[in-house]
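Engineer: Below you'll find the structure I mean.
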Amino acid sequence: MMLTTALGLFAGLTTAAHLATTGLVFFRLSRTKPLADTGTPFITLLRPARGLDPHDAETLGSSFTQDYPAYEVVFCVAHPDDPVVPLLHDLMARYPHIPARLLTGEDAISANPKLNNLQKGWNATTARWVAMADSNLLLPPDYLRTLLASWRPETGLVSAPPVGIRPQGFAASLECAFLNGNQARLQLAADSLGMGFAQGKTLFWRRDLLDAAGGLRALGHDLAEDAAATKLVRRSGKRVTLTPAPFAQPIGTRSLRAVWDRQLRWSRVRRDGFAPLFLAEPLNTPLLPALALTVAAGPWAALGLLLVWYLAEADLARAAGWPCGWRDLLAMPLRDLLILPLWLATFAKRGITWRGTTMTPPRATTALPE
C-alpha cells in the first residue's frame, strides 16, 4: 500500500511539474507587451560564420533588416577561403546602407573555436552594447530592440533559446521536439522563476561588464561559452535575463544520426556544466511517471497521464506558433523515449566534437554549442 501511494505521488508530482512549466511558458508567451522605449544606443551585431548551410542567405541576411537606426554588422570567419565568404560579400553589397564588415582569421584565446573566431570582432569594435548571434538564427526585424528592451538593472546578460521552425521530414521534427517543447520550455520557465540560463544562440552584452570579467577569454573557462557566461554573470551578482519569447532557427532537413549526435553533444556539455540539474534529466519525460502509475493504478491511468502530458505540450506549441503537425506530434514521444538512452550514453566519455574540433572540459564545464 505504501509503495502504491509513493508511486502515485511520484507520478502526480512529476506531471504537475510538467504542467507548471508548460503553464508558465504559455502565460509568458500570451503577454504581448509593446517594447519599452530604451533609446537607440549604438549596437554591434557580431555574427560568427563557418561553412555554407541551406538557410544562410536568409538567416545571415536578416542581419541587415533590423528596425533599428544605430547598429553595425561584423561578420567573423576563421578562414578567408571559407565557402560562406562570397555569400557575405554579396549580402554586404546588397545592403550598402547598413554599416558592415567581414573579418577573417583566428585568435587562439581558448579551446573553443567559436570564441577564437569572435575575438577579432570583439577587439574591432568599441560599442558599449554587443549582440552575438549564431549564423543559423533568423533575426526578426525587432531583434536588437527586443534585446535592449529586455535589459534590467539586475541584468548582466540577455539571452534567448532558439525554437526550431520549418522542419522537413521526421528527423527534423524530432529536432524541433527537443528544441521547442523540451529545451525552450524549460529555459523560459526557469527564467520566469528568476533562474535564467544563457544560450549561445544569442548573447547580448554590455561591453564593460564582460571586459571587467576577462572578456571573451573568460568564456573559454568551460566547455561551451553559454554555461561559462551563466556562471560568470551569477558570480558578478547579476542575472541572465531571457527575452520574452525565443527566436527562430530554420531546421530544414536532418538525419536521425545528426539529431542523436547533436543531442548527445549538448547532454555531455550540460553534465559537465550543471551536474545537479543533469542528474535530474531522466525525470524530464513522462515515461517513468507512466510506469509508476501503471504499477500503482493500472495501464488506463498511465494512458491518461500520457494524454495529459502531450496534450499540454501540443497546446503550448499551437499557441506559440511552433511546428505542430502530425509528424511533430509523433516526434514528442520518440524524443522522450530517447532521453534516458541519451542520458546514459553521456557517461561513456567526457568532451565533445564540434564541427571537427575536439573539445575537452577544462575542469568545470558548460552548456550548448550548435
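The values are calculated or read from the model by the stated rules, or taken from the named source; none is laboratory data. Quantities reported herein were computed from a predicted structural model and do not represent experimental measurements. Methodologically, a virtual Cβ is constructed for each residue, glycine included, from the backbone with ideal geometry; neighbour enumeration extends over all protein chains shown. The accessibility values were calculated without ligands, DNA or RNA, using every heavy atom of the protein model including side chains. Shrake-Rupley method; radii C 1.70, N 1.55, O 1.52, S 1.80 Å.
Engineer: Taking the stretch 303-336 as the region of interest, how many residues are in contact with a Pro (Cβ under 8 Å, 6 or more places away or on another chain) and either in a helix (DSSP H, G or I) or among the aliphatic types (A, V, I, L, M) (or both)?
Structural biologist: The number of residues fulfilling the criteria is 8.
Engineer: Still on this structure, I have one more. Among the listed residues ARG271, ARG265, ARG257, identify the single one that is of a type outside the set (Phe, Trp, Tyr), open to solvent by 50 Å² or more (accessible area, probe 1.4 Å) and not in a loop (DSSP other than H, G, I, E, B).
Structural biologist: ARG257
Engineer: Mind checking which residues of the stretch 239-254 are of a type outside the set (Lys, Arg), in a strand (DSSP E or B) and open to solvent by 30 Å² or more (accessible area, probe 1.4 Å)?
Structural biologist: Correct list: THR253 only.
Engineer: Counting only residues that are out of contact with any helix residue (DSSP H, G or I) (no Cβ under 8 Å at 6 or more places or on another chain), open to solvent by 70 Å² or more (accessible area, probe 1.4 Å) and within 17 Å of ILE43 (Cα to Cα), how many does the stretch 67-98 have?
Structural biologist: Number satisfying all stated conditions: 2.
Engineer: Which numbered condition in (1) open to solvent by 10 Å² or more (accessible area, probe 1.4 Å); (2) over 16 Å from ARG152 (Cα atoms); (3) part of a helix (DSSP H, G or I); (4) out of contact with any Ser or Thr (no Cβ under 7 Å at 6 or more places or on another chain) is the only one that GLY220 fails?
Structural biologist: With respect to (1) open to solvent by 10 Å² or more (accessible area, probe 1.4 Å); (2) over 16 Å from ARG152 (Cα atoms); (3) part of a helix (DSSP H, G or I); (4) out of contact with any Ser or Thr (no Cβ under 7 Å at 6 or more places or on another chain), GLY220 is out only on (4).
Engineer: Another question, then. Based on this model, can you work out whether LEU52 counts as among the hydrophobic types (A, V, I, L, M, F, W, C) and under 25 Å from ARG254 (Cβ atoms)?
Structural biologist: So LEU52 fits the description; yes.
Engineer: OK, next. Among the residues of the stretch 62-111, what is the count of those that are within 25 Å of GLY214 (Cβ to Cβ) and not β-branched (Val, Ile, Thr)?
Structural biologist: Final tally of qualifying residues: 11.
Engineer: Of all residues in the stretch 4-26, how many are open to solvent by 90 Å² or more (accessible area, probe 1.4 Å) and in contact (Cβ under 8 Å) with a residue 24 or more places away in the chain?
Structural biologist: 0
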